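Asks: Sharing a structure here in structure tokens format.
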Amino acid sequence: MNGDELYTAGKQISGIDVHISYRIIQLFSEGLYSSPNKAIEELVTNSFDAGANNVHVVISPDLLTKGAAIVVLDDGFGMNVEGLKQHWVIGVSNKREGSTRTPKGRSQIGKFGIGKLATYVLAKRLTHVSKCDGKFYSTSIDYANIPTGENGGIYTEKKVSLPLRELTEAQAEAVVSPWLKGDKSGYSAMKLFGAKAKKSWTVAVMSELKDMSTNIQRGRLRFVLATAMPLRDDFKLFLNGDEVIPSKLDAKRIKRWDLGKTLKKLPKPAPNEDELEVTEKTDEPPESFDRFGLTHKQLGRVTGYAEIFEDLLTTGKSAETGRSHGFFVYVRERLINIDDEYFGIDKNLLRHGTFARFRAVIHIDRLDEELRSSREAIREGVLFNLARDFLKGMFNHARVALEAHDEGQKPGTHAAQRFAESPASLTRLPLLGLVESALKGKCSPRYTNYPQGLDKKGKEALLEDLQTRAQSTEGFVKEVQLVELSQDQGIAVLDIQSGTLQINMLHPFVAYFLDEYEDKQKSLPLELLAISEVLMEAHLYGLGLDEALVRDLMTQRDQLLRYLARSSGKRSARLIAQAIEDAVTDKSNLELELVASFDSMGFSAVPLGGPGKPDGKAEANLSGRDGKPERYAVSLEAKSKEKDGAVVRNEDVKVSTIRRHRDDYGCEHALVVGPDFATKKGDGAALIQEIKDDRQKSGKTITLVRVVDFAKLVRIVPLKRINLSQLREFFNQCISPDESKAWIDKMAAETREKPKFKELLETIAEEQEEQPGAAVEYAAIVAGLRRGRTIKMEKQEVIDLCRALARLAPEYVTALDNSVELNQRPDKVLQAIGAAIRAYPENEQN
């Protein structure tokens, strides 16, 4: 067959007028079908809708050669003259007319009539050869002949006429024979000529291929076809002769739930039990997940199942070609989110460690009403939001079960084994020496706990036991626990007697990445880091260093870990304030930015979240009086709304829950941030009264503040040099959002003495010149100000000013717990601070 015979074979009997502009084809195909795999899938979809029992996709071995083609053959209902004409009516489809099912009882997938335009991204020509009612027809479109829209737009009066040709059986066989030859099952399934030939069929040929066709990866295409297309008893799919069969997961499954059968109600935010009716199709086989389902008034009948697995589904060979985890949402038996495992849900709401071991296959046919033309995206609206809430409810149910399963597994096994297998000189002997020194009163380690108050015999017995364990294969670490200690403690503590390594969940380095660490597959690095911190302290003491030096070194290292973990990074107070305003409609981001805001204001703040926990905790570590530290803590609660400016309902505030979070985490205050609150009348007044009653009974506080006002507070803290003691007044004095606003506005309006930033920066620079490469301690700055500039300033005032500098110009100034450092000349820092202040909405320069 010569190259043109595909387009010219047979006799032209009429033409098909196609009314479309080249620009429309570009918009539909390039905009909707950027993936070459999706373009092929569209043709397979047409075959399914045509009632095909078998579909065979044949791709030339070398797509760069002349004559290479991508071909889709099916044995569905072929197209006669009228069928081919109807097929090329753009943007209109009669597939759904009268009945939404084919004569074979299938749900129709296509409904827009534009799927064939997907082929434009792969080929310059699309040809159909079809058998129907014992006759053979063909038609071919050359996209180069499509007229351009007027003035580059999409409108045109011109039409392109496609030749509609009738072929003899011999001519039809000659045309399609190149794609019928092979000894694999796909070729034998598509017998189109001779004895026992299919009564009807269609062959779609993409020829004169474009560059995008070379992006086709056959492994990825196989995954797309296996996952996205309906796979059922009366529908078989082949790729280059081989049957496309869904790959079975090799991962060990922990549990599976079938909707309506073993899963009859879902946790929030899914619709509650009263809104979901368990329904059963008794004509379905008992093992079919479609037999049982949950029916919702708006979502319709939802069927499917959820599974959790022992190991991650995101690794191995399957990750190279397609995914095995997440949500698989089907509409009319076709997957609509093949490349979006989250189905549009913010991934921060779905813990990665759990989500990577979770799989849900869900059928929601009612979403067909909201499908966009690409059938890969859904219009956002009521149904879409309900579907997402339904999916989040399924995930939350699975997450609780997975956490319960993991809690039953002995934690830290791998870390303990590695510790035990390490050289004794690096692990067990330093710890043994440390405990022996501690029992003699020579040191007081912070990262290792040992029994206190032992008499001589008790000490000897303990050391004998440790010496025995040091020589055994057991070692000193038996288990690892994630424990909420306190924010000012180190990253871990080893109880040497029990062999329990406690990792501090409230340490910023752990708290900011807790989602990763709770995944047992990813927790090993953290466990090993925690063990190394314990051992480092032991090694430093083992070197005979002075205890003050050991503590200083461990403190410096701990500060580094804390600084690296901070979410605010090098953002100024103004940028952090803007970020929290921008996050008002995003719960997950609002929680994170709330924590970052407190960190910016000088608190030691960490994210928490999860059932029974506040969204974060912030500690104020004040210098104290009479040698006793004064500190207070605030539990943080973020209340977002989907629409900007919406009001947080009183029932969403839940004073009892906030009170429990505050008290469980040892906080004196609780702050609730939201876009706005209903606190004016009726129930709102009752809410304020409930908070007042709690304050009277407990002596502790709950403060409501609007996001916009809280953002203003974050901005003015460095401008007005508001310290942690003054911020305590905010929590003590304010309950309602209006009281919070009034307090913040009052602070913003106050006139403050112009800070001595210039003198302070010059003193820091001078001290740095004397000790290059070292941060300047605050005590040295106090002395330098008095010595060189006769400026008397208390240490806390110096600390507050340095922290204000760091919030205004974080790229130039770094203020740590005990020291500060500059990485620019004082005059450059002053210029940056001036520019920053001028950019503030408050535009205060005092």
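The values are calculated or read from the model by the stated rules, or taken from the named source; none is laboratory data. For clarity, every value in this text was computed on a predicted model and none was experimentally measured. Cβ coordinates were reconstructed from backbone atoms using ideal geometry, including for glycine residues, and neighbour counts include every protein chain displayed. Note: areas computed on protein heavy atoms with side chains; ligands, DNA, RNA excluded. Shrake-Rupley method; radii C 1.70, N 1.55, O 1.52, S 1.80 Å.
Asks: Assigning unit charges at the beta carbon (Lys, Arg +1; Asp, Glu -1) and nothing else, what dipole magnitude in debye, to the nearest 20, does segment 525-621 show about its Cα centre?
Replies: Result for segment 525-621 is approximately 240 debye, rounded to the nearest 20.
Asks: So, by mean Cβ neighbours within 10 angstrom, what's the order for 736-743, 461-468 with the highest one leading?
Replies: 736-743, 461-468
Asks: At 1.4 Å probe size, with no ligands or nucleic acids counted, give the accessible surface of Y187 in Å², nearest ten.
Replies: 40
Asks: Rounded to the nearest 0.05, what FRET efficiency do S177 and K252 have when you use their Cβ-Cβ distance and R0 = 41 Å?
Replies: The computed FRET efficiency comes out at 0.30.
Asks: Kindly rank 500-508, 720-728 from highest to lowest mean number of other beta carbons found within 10 Å of each residue.
Replies: My ranking of the peptides, most packed first, is 500-508, 720-728.
Asks: Around Y7, under 13 Å between beta carbons, what's the net of Lys plus Arg minus Asp minus Glu among the other residues?
Replies: It works out to a net charge of -1.
Asks: Next question, about the same structure. Which shape class applies to segment 382-500: rounded if a/c is under 1.5, otherwise prolate when a/b exceeds b/c and oblate if not, where a ≥ b ≥ c are the square roots of the Cα gyration tensor eigenvalues?
Replies: Prolate is the answer for segment 382-500, as a/c is 1.5 or above and a/b outweighs b/c.
Asks: Going Cα to Cα from K297, which aspartates and glutamates come in below 17 Å? Please leave out same-chain ones fewer than 8 positions away.
Replies: Counting by Cα, and skipping residues close in sequence, K297 has these aspartates and glutamates nearby: E273, D274, E275, E277, E280, D365, D368, E369, E370, D389.
Asks: Here's a follow-up. Taking 0.36 nm per residue of separation and subtracting the Cα-Cα distance, what length does fully extending V708 through R220 add?
Replies: Full extension of this stretch gives 171.0 nm more.
Asks: Right, another one. Which shape class, rounded, prolate or oblate, goes with segment 698-846 when its Cα gyration tensor gives a ≥ b ≥ c as root eigenvalues, a/c under 1.5 marks rounded, and past that a/b bigger than b/c marks prolate?
Replies: prolate
Asks: For K135, list the aspartates and glutamates whose Cα falls under 18 Å from its own Cα; do not include residues on the same chain fewer than 8 positions away.
Replies: K135 reaches D74, D75, E82, E166, E169, E173.
Asks: Same structure again: Sequence-distant or interchain residues sharing an amide H contact under 5 Å with A670, placed H: which?
Replies: The answer is S635, T701, I702, T703.
Asks: Distance in nm between label sites at A170 and E766, each 7 Å beyond Cα in the beta-carbon direction?
Replies: It works out to 10.7 nm between the two label points.
Asks: Can you list residues from other chains, or at least 5 along the same chain, whose modelled amide H is less than 5 Å from the amide H of L259?
Replies: Under 5 Å from the amide H of L259 lie the amide H atoms of G304, Y305, A306, each far enough along the sequence or on another chain.
Asks: Let me ask something else. Rounded to whole Hz and in sequence order, give me ³J(HN,Hα) for segment 507-514 from the Karplus expression 6.51 cos²θ - 1.76 cosθ + 1.60, θ = phi - 60°, writing x for Gly and Pro.
Replies: 6, x, 4, 7, 4, 6, 10, 4
Asks: Further question on the same structure: Which shape class, rounded, prolate or oblate, goes with segment 572-641 when its Cα gyration tensor gives a ≥ b ≥ c as root eigenvalues, a/c under 1.5 marks rounded, and past that a/b bigger than b/c marks prolate?
Replies: oblate
Asks: Given a Förster distance of 45 Å, report the FRET efficiency between K199 and E275 from their Cβ-Cβ distance, rounded to the nearest 0.05.
Replies: 0.40
Asks: What ³J(HN,Hα) values, in whole Hz, does the Karplus curve 6.51 cos²θ - 1.76 cosθ + 1.60 give for segment 118-131 when θ = phi - 60°, with x put for Gly and Pro?
Replies: 4, 5, 4, 6, 9, 9, 8, 9, 10, 10, 10, 10, 9, 10
Asks: Taking the mean number of other Cβ atoms within 10 Å as a proxy for protection, how do you rank 391-398, 761-768 from highest to lowest?
Replies: 391-398, 761-768
Asks: Would you mind checking the pairs K264/K613; K587/K692; K38/K236 and listing those with alpha carbons more than 20 angstrom apart?
Replies: From K264/K613; K587/K692; K38/K236, over 20 Å: K264/K613; K587/K692.
Asks: OK, next. Compare K261, K459 by solvent-accessible area with a 1.4 Å probe and give them largest first, with all protein chains kept in place.
Replies: From most accessible down to least: K261, K459.
Asks: Sequence neighbours fewer than 8 away in the same chain don't count; with that in mind, list the aspartates and glutamates whose C-alpha is under 15 Å from K617.
Replies: Cross-link targets: E484, D488, E591, E593, D599, E637, D663, D664, E668.
Asks: Under a point spin-label approximation (7 Å from Cα along Cα-to-Cβ), what is the Q733-R418 distance to one decimal in nm?
Replies: The modelled label-to-label distance comes out at 5.2 nm.
Asks: Another one. Could you check the simple spin-label distance between A470 and K135, using points 7 Å along Cα→Cβ, in nm with one decimal?
Replies: Rounded to a tenth, the inter-label distance reads 9.7 nm.
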